[in-house]
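Colleague: Sharing a structure below in structure tokens format, with a few things to ask.
The values are calculated or read from the model by the stated rules, or taken from the named source; none is laboratory data. The model shown is predicted, which means the values in this text are computed figures rather than measured ones. Every residue, glycine among them, receives a Cβ derived from its backbone with ideal geometry; neighbour counts consider all protein chains shown. With ligands, DNA and RNA removed, areas are computed over all heavy atoms of the protein, side chains included. Shrake-Rupley method; radii C 1.70, N 1.55, O 1.52, S 1.80 Å.
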Amino acid sequence: MIYMDNAATTKVHPAVVNAMIPYMSNRYSNPSGIYTFSKNVKRDIEDARAVVAAAINALPEEIYFTSGGTESDNWALKMSCLERGRGHIITTQMEHHAILKSCEQLQSQGIAVTKLKPDKDGIVTAKSVEKAIRPDTVLVSIMAANNEIGTLQPVKDIGAITREYGVLFHTDAVQAFTNIDIDVKAMNINMLSASGHKISGPKGVGFLYVEKDKLRKPFINGGGQEMGLRAGTENVAGIIGLAKATKIAVDNMKVRTEYERKMRDYMTDRVLREIKGVHFNGHSQKRLPGNMNFSFEYVDGATLILMLDRQGICASAGSACSSVSSEPSHVLKSIGLSDELAYGSVRFTINEKITKREIDYVIECLKQNVAKLRSMNTEWNNV
Ligand SMILES: *Cc1c(COP(=O)(O)O)cnc(C)c1O
């Protein structure tokens, strides 16, 4: 199998699995106990918090462990508004559904929402954010990197604007975390979401960074864990795994991302050169190192995915979350693609394990499949 769907999820690193196992066997204590058996595990959680905090230049007490990116996004948006009463949120049309659906719910409760349209490369400028700010704006939530087209946003410039206007800035960094340098202080980020399973860590764990005192009320009420803001007995093994995955990813970031970028550019160049009628979606340079998103004219992306599947290749048409629906991707629509090109889109997301030989095989399969699908398409035959 050739796995090119790392934006959907990643394989857990073996060292992460090993780090987690003790917490599902001998070290099973509840971290809230006051005996040594508990205090040892509590200490390991605090060590994990420090590792995650260091990765984004935050303080350990600014990191709250959650069940993943979705929960972190819900928390940031809902509590920012709830704590400040009515107000206005600025976000983009290309966010993950965890953001967009949270916005919909807030809208139904009287919060105003502005969804900025990105440019054709998927970029939202700081200037357009500035123009959208109103006196009642509470929060700007703009993702650091897009999960479908990989485009990176000018987070630092946006942070400078939100700071100038005294507005909160949250970024969904689920795709960006450990793939690009993030410094929450230098970038003026007040809140940041990340997830374990996108960085070779376990599923069902993530974190929300909240700058000191920016949110004060609990998101989940209960026993007072996570400094009183997110109750519930800790997902200890998950937290340990998340920290281990973070450490590995940060330590090898330069080498890993350089390799991915090289492989990505190799595959992109060949696909664009060797297949006719292909569009490359997203910004050519300002993008995640492992992300490629192509639209093939006169090809149905979902059918292409199924053909690749039979050849042992995992890729995705749009995002995994939307693969159950037959709507064209909202991200591709937001950058101005026609329905036809949106339906013709396929995303390949590689990691540092991919080999050139595997890429060569995928390109051969792609060429064959695209030619086959087009040969059955009368419209293509007319072009
Ligand atoms: C995967 C993803 C999420 C959701 O994270 P989960 O941990 O799966 O809940 C949110 N935002 C982006 C950009 C993602 O890629």
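Colleague: Show me the helices (runs of 4 or more DSSP H) found entirely inside the stretch 277-383 where at least 2 residues are within 16 Å of ARG264 (Cβ to Cβ). Please lay out each step first, then the result.
Modeller: Numbers: elements: 301-310, 330-334, 339-343, 356-375, 378-382.
Where helices (runs of 4 or more DSSP H) fall fully within the stretch 277-383 and carry at least 2 residues being within 16 Å of ARG264 (Cβ to Cβ), they are 356-375.
Colleague: Filter the stretch 22-41 down to the residues that are open to solvent by 80 Å² or more (accessible area, probe 1.4 Å) and closer than 20 Å to GLY196 by Cα and list them by number.
Modeller: Listed by number, the list holds a single entry, MET24.
Colleague: Given the structure, is GLY159 away from the ligand (no atom under 16 Å from the Cβ) and open to solvent by 10 Å² or more (accessible area, probe 1.4 Å)?
Modeller: Here the answer is no, as GLY159 does not meet what is asked.
Colleague: Something else about it: Against the condition of a type in the set (A, V, I, L, M, F, W, C), more than 14 Å from the ligand (Cβ to nearest atom) and open to solvent by 60 Å² or more (accessible area, probe 1.4 Å), how does ALA54 come out, does it pass?
Modeller: In short, yes.
Colleague: Looking at the stretch 195-233 only, could you name the residues that are surrounded by fewer than 21 Cβ atoms within 10 Å (Cβ to Cβ), within 16 Å of the ligand (Cβ to nearest atom) and not in a loop (DSSP other than H, G, I, E, B)?
Modeller: ILE220
Colleague: In this structure, is VAL129 more than 16 Å from the ligand (Cβ to nearest atom), in a loop (DSSP other than H, G, I, E, B), crowded, with 22+ Cβ neighbours inside 10 Å and modelled with pLDDT of 95 or more?
Modeller: no
Colleague: Answer with yes or no whether GLY224 is assigned by TED's automatic domain parsing to the domain that holds VAL236, small (Gly, Ala, Ser) and closer than 30 Å to ASN30 by Cα.
Modeller: In short, yes.
Colleague: The conditions are (1) in a helix (DSSP H, G or I); (2) of a type outside the set (Gly, Ala, Ser); (3) out of contact with any helix residue (DSSP H, G or I) (no Cβ under 6 Å at 6 or more places or on another chain), and LYS115 fails exactly one of them. Which is it?
Modeller: (1)
Colleague: Filter the stretch 335-360 for residues that are within 16 Å of ILE305 (Cβ to Cβ) and either without any contact (Cβ under 8 Å) to a residue 24 or more places away in the chain or hydroxyl-bearing (Ser, Thr, Tyr) (or both); which is surrounded by the most Cβ atoms within 10 Å (Cβ to Cβ)?
Modeller: Within the stretch 335-360, the match that is surrounded by the most Cβ atoms within 10 Å (Cβ to Cβ) is THR349.
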